[in-house]
1. Applying 1/(1 + (r/R0)^6) with R0 = 22 Å to the Cβ-Cβ distance of ASP128 and LEU85, what FRET efficiency is obtained, to the nearest 0.05?
2. Taking +1 at the Cβ of each Lys and Arg and -1 at the Cβ of each Asp and Glu, which of GLN115, PHE82, LEU96 sits farthest along the dipole of the stretch 45-152 towards its positive end, judged by Cα position relative to the Cα centre?
3. If I ignore ligands, DNA and RNA and count only protein heavy atoms, how much of ARG74 is accessible to a 1.4 Å probe, in Å² to the nearest 10?
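The values are calculated or read from the model by the stated rules, or taken from the named source; none is laboratory data. Since this is a predicted model, take the numbers as computed values, not measurements. Ideal geometry is used to build each Cβ from the backbone, glycine not excepted, and the neighbour counts take in all protein chains shown. Only protein heavy atoms, including side chains, enter the accessible area calculation; ligands, DNA and RNA are left aside. Shrake-Rupley method; radii C 1.70, N 1.55, O 1.52, S 1.80 Å.
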Amino acid sequence: MKKYKTSEPSKNMVQETAMTYGYQNFDDVGVFNLIDIAKKGISFKLFDSISKKFPFTMQDWADFLHISGKTLSRYQKEDKSFDVLQSEKILQIEMLYKRGEEVFGSSENFLIWLQSESVALGKTKPQDLLGSVFGISLLMDELTRIEHGVLA
């Protein structure tokens, strides 16, 4: 049997994998890479680059991550990494963003949807669901329904 040369993915490659593929495009390796990234913790610098894609305040992010605004400020001052649960939430929101860009064709259109009241979501703004893992999952499902033309 022919042996193939494999290499260990670099940290940058793992981060690119996590940030570029949509939620539904992950194979087992991609999921394990995300688990590794979350275990190591998302740095504030990476979080900052992700957060700038959204029109949310730092207090909004603190609420999504279930930490105080003061704690988030301290993370910024100390360039501290987030814990596993917070890192997972940040990655989930980033994957939601990528998926939203795919479905709506642009980040601008996705962000308009994210901030608009949705009848399909019980007249809730999608952004109001970002503080919960179940809410993010519901938004991913809703994006799939929108992609396939099932609007109600």
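1. It comes to 0.65.
2. Towards the positive end, the residue furthest out is PHE82.
3. The accessible area comes out at roughly 100 Å².
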